[in-house]
Ligand SMILES: [Fe+2]
Ligand SMILES: [Fe+2]
């Protein structure tokens, strides 16, 4: 048999094995969604006095993890002002999370619409859509109860977000990188808050715990999807994708983690404080770089780091030389 044909057969076998493994993973994730899931109006005791929101409660004070929480101007404010800013900030993150997940759900449903019978992706995508539906209600309920007049994403971004759902059909790999661009920064910050005990209010702690547990599956799916798809893309398309990932990640992090100008106005935060905290210090730049570390690692694994894309990561200040 000619050598080229042997290689083709070998490659086809590897692909079949990889397809089977991918399907197995999706079925495992789907089963996990059935075995362990939460519903916001069943599993969160919103009306329990312990879960009530008092804007002056010092448990809302921002953790040091937040760039503003570590700034001397913030630390010099009276405790009740720190608490009110902290609550506003959590409500803003929830509002952006709800908006991001709304767009994500529409993209997932658009993607699932064309999937064939017996598709393992179809079932998992539906599980994820349902879970994100619960997260959206949970986040919006928190915003409502916090009584914070937050708008979430800037208006221009909300308008631009409308182009994302159809992208899941024409460029599914880019769509799933955008999914990670939104999910990874929220997940990184929420995990750190649980770990260092800075989600002190029981309501916030409960919301974050539920979210982190279910997001682990969503992030795992997006990563598996990309591992499965990207290495099979034609070289030129993969190259274009490699250049689009770093700006997508940076934009996602900035959108999720930067408070809008309305917060500065509401609490009379001086301009120089906002400039220094978001993102003028090494502490805050480090935070951005760390939130994208997992995706940077994924890109190395699936062939999306090349000399040109590496420069784009560097230019955006989100590259770390250990390649992670
Ligand atoms: Fe979510
Ligand atoms: Fe998610």
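Please work out if residue 58 is away from ligand 2 (no atom under 14 Å from the Cβ) and surrounded by fewer than 16 Cβ atoms within 10 Å (Cβ to Cβ).
yes
Hey, can you tell me all the residues within the range 85-103 that are more than 12 Å from ligand 2 (Cβ to nearest atom) and either under 9 Å from residue 186 (Cβ atoms) or in contact (Cβ under 8 Å) with a residue 40 or more places away in the chain (or both)?
Scanning the range 85-103 gives 85, 87, 88, 89, 90, 91, 92, 93, 94, 95, 96, 99.
Looking at this structure, is residue 214 touching a residue at least 40 places away in the same chain (Cβ under 8 Å) and within 13 Å of ligand 2 (Cβ to nearest atom)?
The answer is yes for residue 214.
Only residues that are part of a loop (DSSP other than H, G, I, E, B), within 13 Å of residue 269 (Cα to Cα) and over 26 Å from the mean Cα position of the chain (by Cα): list them for the range 51-81, please.
The answer is 76, 77.
Pick out, from the range 158-241, the helices (runs of 4 or more DSSP H) lying fully within it that include 2 or more residues that are closer than 30 Å to residue 53 by Cα, within 16 Å of ligand 1 (Cβ to nearest atom) and at pLDDT below 95.
172-195
(1) surrounded by fewer than 21 Cβ atoms within 10 Å (Cβ to Cβ); (2) more than 17 Å from residue 316 (Cα to Cα): which one isn't true of residue 244, the others all being true?
Only one criterion is unmet by residue 244, namely (2).
Evaluate the following for residue 294: is it touching a residue at least 12 places away in the same chain (Cβ under 8 Å), assigned to a helix (DSSP H, G or I) and either more than 13 Å from residue 68 (Cβ to Cβ) or touching a strand residue (DSSP E or B) at 6+ places or on another chain (Cβ under 8 Å) (or both)?
So residue 294 fits the description; yes.
Keeping to the range 138-156, report how many residues are surrounded by fewer than 14 Cβ atoms within 10 Å (Cβ to Cβ) and assigned to a helix (DSSP H, G or I).
Of the residues in the range 138-156, 3 are surrounded by fewer than 14 Cβ atoms within 10 Å (Cβ to Cβ) and assigned to a helix (DSSP H, G or I).
The values are calculated or read from the model by the stated rules, or taken from the named source; none is laboratory data. The structure displayed is predicted, hence computed values, not measured ones. Counting neighbours? That spans all protein chains shown, and the Cβs are built from the backbone with ideal geometry, glycine included.
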